[in-house]
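What follows draws every value from the coordinates through simple rules; no lab data is involved. In this text the structure is predicted, and so the values were computed from the model without any measurement. Because the Cβ atoms are built from the backbone with ideal geometry, glycine has one as well, and the counts that use them run over all protein chains shown.
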There are 2 protein chains.
Amino acid sequence: MGGAEDKFDDKVILSTFVQLAGGREAKIAIVPTASSIESAGERYKALFLGLGANEAQVVYLADRADADGDAPIELMQDATGIFLTGGNQMRLSSIVGGTRAMQIVRQRNAEGAIVAGTSAGASILSSHMVAFGASGPTPRQRMATTVAGFGLVPDVIVDQHFRQRDRIGRLLALVAANPSLLGMGIDEDTAVLFDHDGSVEVVGRNSITIVDGAHMYSDIFQVKGHGNITISGATLHVLTPGRRFDLGTRQLLDD
Amino acid sequence: MGGAEDKFDDKVILSTFVQLAGGREAKIAIVPTASSIESAGERYKALFLGLGANEAQVVYLADRADADGDAPIELMQDATGIFLTGGNQMRLSSIVGGTRAMQIVRQRNAEGAIVAGTSAGASILSSHMVAFGASGPTPRQRMATTVAGFGLVPDVIVDQHFRQRDRIGRLLALVAANPSLLGMGIDEDTAVLFDHDGSVEVVGRNSITIVDGAHMYSDIFQVKGHGNITISGATLHVLTPGRRFDLGTRQLLDD
């Protein structure tokens, strides 16, 4: 989810998440670690219960000792859906990275539970997470910094608040650095569903932007300091809600 | 390999590589893409043949079209050893990342071929590659930038020219950002062998430094700009040649 998803009116995205987690059978675990707002977890708990989930629990992980304890395992091992709130993604990577809590998130996802994140919570799900960076349409060297994420989505780099914060330049620079990663920018109030068949689907109100660098030329390896990067031949996709895209062939699916 | 490996005297590291690749049966493929020195590939070819390899070929990949062509597949599909030279690791990631050449390197490694790199060629082998950064013993925010590597060594981040270029600060900062990665700094004229059983062994003249952040406290998620990062409780290992270390338990092996 690209952040700022609708929490009050039609709630399409959050409602889709609850349905995919099992609807009336859903057991949701909420990880509010990224957030500095104390009530963030409780607010989502009320929302998910209001949307018909059977159960919703908040998993508080304030430090690495919490994340390495038994509580996250107990709270997440039966979850059918795991939700990571927004906030500061460096809190998620530096507090939860490499702990038992991260392992159980990975394990539940491999076992079929749906794992969703909004804003910071979306960024952490890829193997390479955008930690911080600048905005603007021109790709520049050192424009964005990545650190390791949780690795649920291995060949994709996710950026969020995408159009709203003008992040196309940094996504182009990140893909130019190693085009083995597919760049995916998610607008606010918009989400991407990753299916098990290797396709994605757009849900929500706005668009997602995909940058494929397989046929890209870039001089990024010789640009010094914070200089502008030349990019040529990047393949761009801007997909509206309902559209599906194949991550393997990197093509729009028509259906 | 941490860079600047001995090419003239006892050649312990390069000789070990040839032996592990099959000795007199070895078929070595050399990828000089990182290097700006035209003769780098030919120089290693002469060295590997001089050390008894049966065959050594240079795989020239000047741009993404080369790396997506048939030549790298033909030259690497029977290789028992693949060697990536030093130079500029951003050339490797931005030119070879996501191409058929990268895929065949991954595939041959999965099939049992030994893949080795020195300096830039070592950095590219991990999933998260140090692209560039500053030196010094104090970890600071934005001190180093990582991009996606080739991912042969998934849970480790490798730095090189380690003690010689005073890179402990940036390795600590990189591990603090997400302690799921084990930090590994390789000194010059020194190499790390990754065994299939999940252990590593040090070879060469100097040491490797390992940073384990599993029990680390860090305030990295709240440090602004280029500020200093507080780190507490990092586990440090400095291992000399012949020492073995278990990557799973993160402990020294005594044998």
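Let me have the 222 nm mean residue ellipticity of chain B computed from DSSP H runs of 4+ only, each contributing -39500 (n - 2.57), with the sum over all residues rounded to the nearest 500.
Working: 7 runs with 55 residues, N = 255.
So the helix-based figure for chain B works out to -5500 deg cm²/dmol.
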Item to check | chain A - share of DSSP beta bridges that are antiparallel (%, nearest 5) | outcome: 60
Next on the checklist: Taking the number of other C-beta atoms within 10 Å as the exposure measure, put A:68, B:66, A:63 in order starting with the fewest.
Outcome noted: A:63, B:66, A:68
Item to check | Pairwise centroid distance, computed over Cα atoms, of region A:1-34 with region B:238-255, Å | outcome: 45
Checklist entry - So who's got an amide H within less than 5 Å of the one on residue A:243, skipping anything under 5 residues away but keeping other chains? H placed 1.01 Å off N, in plane. => result A:202
Checklist entry - Distance in nm between label sites at residue B:42 and residue A:70, each 7 Å beyond Cα in the beta-carbon direction? => result 6.8
Item to check | Neighbourhood net charge (11 Å Cβ-Cβ; Lys/Arg +1, Asp/Glu -1) for residue A:69 | outcome: -3
Next on the checklist: Through the Karplus equation 6.51 cos²θ - 1.76 cosθ + 1.60, θ set to phi - 60°, convert the phi angles of region B:237-247 into ³J(HN,Hα) values in whole Hz; use x for Gly and Pro.
Outcome noted: 10, 10, 10, 8, x, x, 6, 10, 9, 8, 6
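Tell me the Kirkwood hydrodynamic radius of chain A in angstroms, computed as one over the mean inverse distance between distinct C-alpha pairs.
On the way: mean 1/r = 0.0545 Å⁻¹.
Across chain A, the inverse of the average 1/r is 18.4 Å.
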Checklist outcome for this item: Going residue by residue through region A:218-228, the Karplus relation 6.51 cos²θ - 1.76 cosθ + 1.60 with θ = phi - 60° gives ³J(HN,Hα) values, rounded to whole Hz and with x marking Gly or Pro, of 8, 9, 4, 6, 10, 7, 8, x, 10, x, 5
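Using a 10 Å cut-off on Cβ atoms, rank the peptides B:56-62, A:135-141 from the highest mean neighbour count down.
Numbers: B:56-62: 19.1, A:135-141: 17.0.
Highest mean packing first, the order is B:56-62, A:135-141.
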Checklist outcome for this item: With the label set 7 Å along Cα→Cβ, residue A:195 is separated from its counterparts in the other copies, in nm and shortest first, by 4.5
Checklist entry - Summing Lys, Arg as +1 and Asp, Glu as -1, what charge do residues with Cβ under 10 Å from the Cβ of residue B:160 carry, residue B:160 excluded? => result -1
Checklist entry - In whole Å, what is the distance between the alpha-carbon centres of region B:109-128 and region A:113-179? => result 25
Checklist entry - Between residue B:157 and residues 5 or more places away or on another chain, which pairs have amide H atoms under 5 Å apart, with H built 1.01 Å from N, and which residues are they? => result B:182, B:183, B:184
Item to check | Integer Hz, Karplus 6.51/-1.76/1.60 couplings in order for region A:69-85, x for Gly and Pro | outcome: x, 7, 4, x, 5, 4, 6, 10, 5, 9, 5, 9, x, 10, 10, 9, 6
Checklist entry - Could you give the Stokes-Einstein D for region A:76-212 in µm² per second, using the C-alpha Kirkwood radius, 4 °C, 1.567 mPa s? => result 86
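To the nearest whole number, what is the average tally of beta carbon atoms from other chains within 10 Å of the beta carbons of peptide A:204-216? Mind dumping the intermediate values first?
Details: counts 0, 0, 0, 0, 0, 0, 0, 0, 1, 4, 5, 3, 3.
Other-chain Cβ atoms within 10 Å of each residue's Cβ, averaged: 1.
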Next on the checklist: Is there a quick way to get the dipole size of the protein assembly as shown? I mean about its Cα centre, with the Cβ of Lys and Arg at +1 and of Asp and Glu at -1; what is the value in debye to the nearest 20?
Outcome noted: 1280
Item to check | 5 angstrom amide H check on residue A:188, placed H, neighbours 5+ away | outcome: A:161, A:162, A:163, A:164
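Of A:30, B:104, how do they rank once you tally other Cβ atoms within 10 Å and put the fewest first? Could you put the intermediate results ahead of the total?
Working: A:30 25, B:104 22.
Result, fewest neighbours first: B:104, A:30.
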Checklist outcome for this item: Dividing the mean separation of Cα pairs under 8 Å (6+ apart) by the residue count of region A:1-125 yields a relative contact order in percent of 32
Next on the checklist: Could you compute how fast the protein assembly as shown diffuses translationally, taking Rh as the Kirkwood radius over C-alpha pairs and applying Stokes-Einstein at 10 °C with viscosity 1.306 mPa s? Give it in µm² per second.
Outcome noted: 68
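Test of understanding: what is the full-extension gain from residue A:166 to residue A:240, defined as 0.36 nm times their sequence separation minus their Cα-Cα distance? Mind showing how you got there, number by number?
Numbers: separation 74, 0.36 × 74 = 26.64 nm, distance 1.77 nm.
Gain on extension, residue A:166 to residue A:240, equals 24.9 nm.
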Checklist entry - Under a plain spin-label model, where a point goes 7 Å from the Cα along Cα-to-Cβ, how far apart in nm are residue A:111 and residue A:62? => result 2.8
Checklist entry - Over chain A, what is the mean sequence separation of C-alpha contacts under 8 Å (at least six apart), divided by residue count, expressed as relative contact order in percent? => result 17
